[in-house]
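Q: Here you go, one structure.
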Amino acid sequence: MVRMVVDNPATAKEALDREHLSYTESEIAQARLTNRPGELARAATQLGEANINIEHAYSGLDAKNSPVVFFAVKDVSKAVAVLDNIAKAA
């Protein structure tokens with residue numbers, strides 16, 4: 001199984017459908033984290049304390065070289081609220 005985040009879901013779906021490849025879609029919660037040790041652990045801990053299970057996650061850097069993490073969770077809106085609180089406290 002390959003997991004990917006795409007900027008243009010419609011184009012990605014068309015390409016996958018054209019090749020008769022199966023796929024699933026899921027919403028993700030995005031977090032911009034402060035660039036210091038332990039931030040990912042802090043975010044994951046707070047999601048866990050809110051009883052939000054992380055199904056999978058991706059990370060990278062935004063255009064300003066700041067860390068960005070994408071969390072796949074069942075309750076995206078609840079996760080976004082937790083992650084927004086983390087961003088406000090940073």
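Q: Which of the residues belonging to segment 56-80 are without any contact (Cβ under 8 Å) to a residue 24 or more places away in the chain and within 22 Å of residue 25 (Cβ to Cβ)?
A: 57, 59, 60, 74, 75, 77
Q: Sticking with this structure for a sec: Quick one: in segment 27-43, which of the residues that are more than 15 Å from residue 87 (Cβ to Cβ) and hydrophobic (A, V, I, L, M, F, W, C) is surrounded by the fewest Cβ atoms within 10 Å (Cβ to Cβ)?
A: Applying the filter and picking the extreme gives 41.
Q: Those residues that are buried (at least 16 other Cβ atoms within 10 Å of the Cβ) and either under 13 Å from residue 34 (Cβ atoms) or among the polar types (S, T, N, Q) (or both), I need them from segment 47-67; list them, please.
A: 67
Each reported figure results from applying straightforward, stated rules to the coordinates on display, with no laboratory input. Given the structure is predicted, the values throughout are model-derived calculations rather than measurements. Positions of Cβ are backbone-derived with ideal geometry, glycine not excepted, and every protein chain shown enters the neighbour counts.
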